[in-house]
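Worksheet for the structure shown next.
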Amino acid sequence: MIRVAGGQGFYGDTPKALDALLAEEEGVDYLCLEALAELTLAILQKDRQKDEARGYTRDLPAYMAAALPAVAAGRTKIITNAGGINPTAAARAAIGTARDLGLHGLKVATVTGDDLMPRLDAIAATTPLAHLDTDAPYTDFPAPTLFASAYLGARPIVDALAQDADVVITGRVADAALFLAPLVHEHGWAWDDWDRIAAGTLVGHLLECSGQSAGGNLSRQWWDVPRPWDLPYPIAEVDADSTAVITKPKASGGRVSFDTVRHQLLYEVHDPTAYLSPDVVADFTSTHFEDLGDDRVRVTDVRGRPATDTYKALLAHSVGWAGEARIAFSWPEAHEKATAAAAIFAKRVEQAGLDVDEWCVEMWGVDALGGPTVPNATSEHDAEPPDCVARIAWRCADPLTAGLVGRELVPLTLSAPPAGMTGMGRGAGRPTELLGLWPTLVEKTHVDPHVAVTIEET
Amino acid sequence: MTRLRLHELCGYRAGDKGDIANIAVFADDDAVYEVIVREVTAERVKAHFGAMVTGGVLRYEVPNVLALNFVLHGALGGGGPRSLRADSLGKTLGGALVRLEIEVPDSLADRRAPKPDVGWARTIVDGLTD
């Protein structure tokens with residue numbers, strides 16, 4: 001039986017969560033750190049644009065510092081996709097952290113080849129690269145490309161583990177594949193043993209969002225989750241026959257139950273009968289979940305079908321610059337005043353000759369998040385909110401304009417309906433660049449020959 | 001028949017992929033699952049979200065965990081890194097969906113979501129400003 005743990009669920013998650021996992025008496029054979037989301041690649045691209053040596057998650061050294069002593073003691077291994085769009089630089093940083101800690105002789109593997117940027121023109125010449133969701137042809141893609149990453153599977157990680165890697169750092173490897181890899185490596189599963197590959201992928205999917213399968217973001221009876229300030233990160237105990245038990249560090253708070261696990265099962269899933277991963281097409285509707293009590297849920301009967309011939313890839317392009325500002329009003333007539341303030345602001349921007357390509361106006365305290373799903377007030381008694389914040393966001397072609405638009409809100413402090421507080425949320429921040437995403441498919445034959453594993457000792 | 005908000009009967013979680021949001025709703029038992037399969041159609045969900053969702057809505061049944069999974073195209077103002085919305089990842093769309101009212105048979109008319117008990121939190125928060 002192999003114990004794999006989900007030690008990170010996103011860029012910015014807390015390395016402190018590793019302490020509870022590493023303190024487990026039974027140990028954790030593999031710590032998988034999932035650091036990437038679509039939004040994360042966009043953030044890392046902006047980093048790399050400013051500094052070629054960046055492009056990986058900046059908290060990687062903190063994670064390494066928390067986990068490497070246990071790795072050096074032979075108690076665990078680390079697999080992470082924190083390399084983002086620059087895994088080579090990430091590995092350099094990890095090796096630096098190890099050496100700073102005086103940890104020598106550790107093997108750090110780097111997986112490269114997910115970055116399609118160097119070969120994008122060649123790929124586009126022979127591949128449609130149509131938009132996965134809208135079917136728009138690649139000729140509609142608004143150049144320049146800011147990043148282009150293929151979602152690799154578990155195979156290169158298994159290659160790295162077979163070469164005795166202690167730490168494996170990748171770029172855009174599919175989240176669940178980080179967890180599947182050690183299971184394939186340890187249990188010797190065949191790549192066409194589709195049910196087991198699907199089971200390992202499903203286990204990975206259940207662990208990849210850290211606290212979300214252990215009581216985080218639980219919709220019902222969320223208030224009953226024990227010690228939610230000490231929410232555990234999940235562990236899977238996986239047998240060679242692919243039977244898995246999802247559990248958590250015993251000493252932590254949180255909860256693992258049928259309900260917490262099924263919440264995560266469908267998170268960011270489209271067709272649950274065909275969960276497309278680079279390694280398999282998994283059927284999540286075949287799976288049987290049994291709540292064993294004591295924060296243990298057994299997972300069996302996962303069915304898989306052969307993987308497709310393509311990898312998903314994500315391309316990004318710039319779509320302009322955004323700014324945002326908020327202005328708050330109190331009872332009486334808070335919503336009406338906020339509406340008037342948004343209108344006055346928009347007219348001032350127009351008067352100043354500033355071009356805005358897109359507006360977004362949200363009335364916080366009224367229907368900012370629910371939009372049309374929030375019923376309109378039906379009587380004057382239930383109509384008036386005690387306060388209302390207008391959050392106004394805009395998109396412009398360039399950062400200078402986006403910044404100047406924000407300044408037009410400031411005078412409303414003294415020149416709008418009473419009494420607008422424009423300082424809400426520290427007012428307008430710096431404009432940020434907006435990126436459009438272009439999910440697409442790339443034949444594996446275009447990618448695999450370029451996937452490489454390199455190993456360096458600390 | 002009685003009209004109830006889906007919230008009284010079901011749990012929920014929403015996630016994002018590009019400009020597509022998915023929302024899973026979870027029934028407590030077979031009786032509730034049967035009702036939501038009948039009542040919470042893709043068409044109703046599409047109408048519920050109105051102008052917030054510009055594309056189509058697909059529904060998948062997931063009977064092994066008593067869930068329905070809704071996939072909403074054009075639901076995130078262009079998708080995370082592109083969207084001007086505060087909730088650019090659609091995290092709150094689950095709550096928005098369970099605001100939907102459905103018809104339930106009288107046998108389920110008394111079902112209510114348990115009320116949050118946050119006494120533990122109030123004690124902590126009150127302690128901050130004592």
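The values are calculated or read from the model by the stated rules, or taken from the named source; none is laboratory data. The model shown is predicted, which means the values in this text are computed figures rather than measured ones. Note: ideal-geometry Cβ built from the backbone for every residue, glycine included; neighbour counts use all protein chains shown. Accessible surface is based on the protein model in full, side chains and every heavy atom, while ligands, DNA and RNA are left aside. Shrake-Rupley method; radii C 1.70, N 1.55, O 1.52, S 1.80 Å.
Being at positive phi, assigned by TED's automatic domain parsing to the domain that holds A:ALA42 and either out of contact with any Cys (no Cβ under 9 Å at 6 or more places or on another chain) or at pLDDT 90 or above (or both) is not true of A:ASP291.
Within region A:197-234, the set of residues being in contact with a Ser or Thr (Cβ under 6 Å, 6 or more places away or on another chain) and surrounded by fewer than 24 Cβ atoms within 10 Å (Cβ to Cβ) comprises just one member, A:ASP230.
Scanning region A:142-149 turns up at least one residue that is touching a residue at least 60 places away in the same chain (Cβ under 8 Å), within 23 Å of A:GLU208 (Cα to Cα) and more than 14 Å from chain B (Cβ to nearest Cβ).
Out of the residues in region A:276-294 meeting the condition of being buried (at least 24 other Cβ atoms within 10 Å of the Cβ) and of a type outside the set (S, T, N, Q), tell me which one is nearest to the other protein chains (Cβ to nearest Cβ). Checked region A:276-294; the qualifying residue nearest to the other protein chains (Cβ to nearest Cβ) is A:PHE284. Determine whether region A:312-326 contains at least one residue that is surrounded by fewer than 19 Cβ atoms within 10 Å (Cβ to Cβ), of a type in the set (Lys, Arg) and at pLDDT 95 or above. No, every residue in region A:312-326 fails to be surrounded by fewer than 19 Cβ atoms within 10 Å (Cβ to Cβ), of a type in the set (Lys, Arg) and at pLDDT 95 or above.
Would you check if B:LEU128 is open to solvent by 70 Å² or more (accessible area, probe 1.4 Å) and without any contact (Cβ under 8 Å) to a residue 60 or more places away in the chain? Reasoning before the result, please.
On the way: open to solvent by 70 Å² or more (accessible area, probe 1.4 Å): yes; without any contact (Cβ under 8 Å) to a residue 60 or more places away in the chain: yes.
When the stated conditions are applied, B:LEU128 passes them.
Give region A:263-275 a look and list any residue that's surrounded by 24 or more Cβ atoms within 10 Å (Cβ to Cβ), facing chain B (nearest Cβ under 7 Å) and touching a residue at least 24 places away in the same chain (Cβ under 8 Å), or say none. Selection gives A:HIS263, A:LEU265.
Within region A:354-374, residues that are without any contact (Cβ under 8 Å) to a residue 24 or more places away in the chain sit with their Cβ atoms under 7 Å from residues that are assigned to a strand (DSSP E or B), at 6+ positions apart or across chains, in these pairs: A:ALA368/A:GLU362; A:ALA368/A:ARG391. Mind listing just one residue for me: the one in region A:25-38 that is open to solvent by less than 60 Å² (accessible area, probe 1.4 Å) and either within 12 Å of chain B (Cβ to nearest Cβ) or without any contact (Cβ under 8 Å) to a residue 40 or more places away in the chain (or both) and, of those, farthest from A:LYS250 (Cα to Cα)? Applying the filter and picking the extreme gives A:GLU38. Is it fair to say A:ARG255 is more than 26 Å from A:LYS444 (Cβ to Cβ), modelled with pLDDT of 95 or more and among the basic types (Lys, Arg)? Here the answer is yes, as A:ARG255 does meet what is asked.
Is it the case that region A:66-82 has a residue that's open to solvent by 10 Å² or more (accessible area, probe 1.4 Å), modelled with pLDDT of 95 or more, within 15 Å of A:VAL168 (Cα to Cα) and hydrophobic (A, V, I, L, M, F, W, C)? The answer is yes; a qualifying residue exists. Looking at (1) more than 21 Å from the chain's Cα centre (by Cα); (2) within 18 Å of A:VAL238 (Cα to Cα); (3) open to solvent by 10 Å² or more (accessible area, probe 1.4 Å); (4) touching a residue at least 60 places away in the same chain (Cβ under 8 Å), which is the one condition that is false for A:ASP175? Of (1) more than 21 Å from the chain's Cα centre (by Cα); (2) within 18 Å of A:VAL238 (Cα to Cα); (3) open to solvent by 10 Å² or more (accessible area, probe 1.4 Å); (4) touching a residue at least 60 places away in the same chain (Cβ under 8 Å), only one is false for A:ASP175: (1).
Give me the residue from region B:108-119 that is facing chain A (nearest Cβ under 8 Å) and without any contact (Cβ under 8 Å) to a residue 12 or more places away in the chain and, out of that set, least open to solvent (accessible area, probe 1.4 Å).
B:VAL118
Could you list, in sequence order, all residues of region A:83-100 that are within 19 Å of A:VAL173 (Cβ to Cβ) and not in a loop (DSSP other than H, G, I, E, B)? Walk me through it before giving the result.
Residues of region A:83-100 within 19 Å of A:VAL173 (Cβ to Cβ): A:83-94.
Of everything in region A:83-100, those that are within 19 Å of A:VAL173 (Cβ to Cβ) and not in a loop (DSSP other than H, G, I, E, B) turn out to be A:PRO87, A:THR88, A:ALA89, A:ALA90, A:ALA91, A:ARG92, A:ALA93, A:ALA94.
When A:PRO417, A:PRO375 are checked against the criterion of being open to solvent by 10 Å² or more (accessible area, probe 1.4 Å), at pLDDT below 95 and within 14 Å of chain B (Cβ to nearest Cβ), a single residue qualifies: A:PRO375. Annotation: B:ASN64 fulfils all but one of (1) polar (S, T, N, Q); (2) more than 7 Å from chain A (Cβ to nearest Cβ); (3) in contact with a Ser or Thr (Cβ under 6 Å, 6 or more places away or on another chain); the unmet one is (2).
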